[in-house]
Structures are given as structure tokens and as C-alpha cells.
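A.B. asks: Sharing a structure with you now.
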Amino acid sequence: QVQLVESGGGLVQAGGSLRLSCAASGSIIRINIMGWYRQAPGKQRELVARIPTGGTTNYADSSVKGRFTISRDNAKNTVYLQMNSLKPEDTAVYYCNANIYDGLRYYASDYWGQGTQVTVSS
């Protein structure tokens, strides 16, 4: 059983910073792409950024480029999201996602974390 556990959310003033972490554990043979999504109240979940095992990171939301940085530590099966210069519009539940091959199936599957709340006050 694979689990993704997130941490690092909270309440911060506009202009502040937070660092989210997401650690994968369980039966893991290989982790492919990892990413962060967010869902604001009344809105659909949207991709924020993703990072492959090796290669170029991708920031899907242009509003976070230059403020957010995604990174990963493959030895720790962990992905991070450093968020700087936070704005009230960044308020959302942030979800970690990872495509993981666990060796129990013939294919890799997508797994999700439980979500962590990020609230930015003005």
C-alpha cells in the first residue's frame, strides 16, 4: 500500500513563505512524475507544478512562476513546494500527486495525498 503524506501548510500573511513537503511510503519500486495541485473554494482542482524523475520542471500556472519552486529528493521519495511572496489568491487546499510503480501491477498508478490547507491573509 502506497501512501503520500503532506505537511507544511498553515496560515501566513501576504508576502510570506511556506514550504510544503510530501513523502511517499510503502511498496515503491519507482516514482515517475511528482506534482502539486491546488483547489480553492468553489473551484476545480488545478495543476500547480510537476517534476519528473529527471529533467525539466513544469509550472502549469503562470501566476506562480518566479514565486514557487518545486523540487524532489529521490533518496527520500519526497517532493517539495517552496512558496514565496504568497498572495491571498494562493489560498487553497494543496494536494500532492505521484505516479508510482509498486510492483503489484503491470503499470504505474497515480496516488494522492490527503491535502494540506494553505491560507494567505491580506
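The values are calculated or read from the model by the stated rules, or taken from the named source; none is laboratory data. What you see is a predicted model, and the numbers here were worked out from it, not measured in a lab. Methodologically, a virtual Cβ is constructed for each residue, glycine included, from the backbone with ideal geometry; neighbour enumeration extends over all protein chains shown. Note: areas computed on protein heavy atoms with side chains; ligands, DNA, RNA excluded. Shrake-Rupley method; radii C 1.70, N 1.55, O 1.52, S 1.80 Å.
A.B. asks: Under the rule of at least 5 residues apart or a separate chain, name every residue whose amide H is placed under 5 Å from the amide H of A60.
C.D. replies: A49, R50
A.B. asks: If you don't mind, another one. Compute the distance in nm between two label points, each set 7 Å from the Cα along the Cα-to-Cβ direction, one at S17 and one at Q1.
C.D. replies: Going from the S17 label point to the Q1 one covers 3.7 nm.
A.B. asks: Heavy-atom accessible area of K87 with all protein chains present, probe 1.4 Å, nearest 10 Å²?
C.D. replies: Number for this one is 80 Å².
A.B. asks: Hey, what's the chain come to in accessible area per residue, 1.4 Å probe, Å²? Present the calculation step by step, with values, prior to reporting the outcome.
C.D. replies: Details: 6500 Å² over 122 residues.
Dividing the accessible area of the chain by its residue count gives 53 Å².
A.B. asks: Arrange the peptides 98-107, 30-39, 45-54 so that the one whose residues have, on average, the most other Cβ atoms within 10 Å appears first.
C.D. replies: Order by mean packing, descending: 30-39, 45-54, 98-107.
A.B. asks: For the stretch 101-109, what does the Karplus curve 6.51 cos²θ - 1.76 cosθ + 1.60, with θ = phi - 60°, yield as ³J(HN,Hα) per residue in whole Hz, taken in order and with x for Gly and Pro?
C.D. replies: Karplus-based 3J(HN,Hα) across the stretch 101-109 equals 9, 9, x, 8, 10, 8, 9, 7, 10 Hz.
A.B. asks: With only Lys, Arg, Asp and Glu charged, each at its Cβ (+1 for the first two, -1 for the last two), find how big the charge dipole of the chain is about the Cα centre; round to the nearest 20 debye.
C.D. replies: 140
A.B. asks: State the percentage of accessible surface on the stretch 22-99 attributable to carbon and sulfur atoms; use a 1.4 Å probe and exclude ligands, DNA and RNA.
C.D. replies: On the way: 1760 of 3800 Å².
Of the solvent-accessible surface of the stretch 22-99, carbon and sulfur hold 46 percent.
A.B. asks: Oh, and also: Please list 3J(HN,Hα) in residue order for the stretch 65-79, calculated via the Karplus relation 6.51 cos²θ - 1.76 cosθ + 1.60 where θ = phi - 60°; whole Hz, with x for glycine and proline.
C.D. replies: Taking θ as phi minus 60°, the curve returns 4, x, 10, 9, 9, 9, 8, 8, 10, 5, 5, 9, 6, 10, 10 Hz for the stretch 65-79.
A.B. asks: For the pair S121/S71, report the inter-label distance in nm, with labels modelled 7 Å from Cα in the Cβ direction.
C.D. replies: 2.9
A.B. asks: Size of the chain along its principal axes in angstrom, Cα-based, largest extent first?
C.D. replies: For the chain, the Cα spread along each principal axis is 47, 26, 24 Å.
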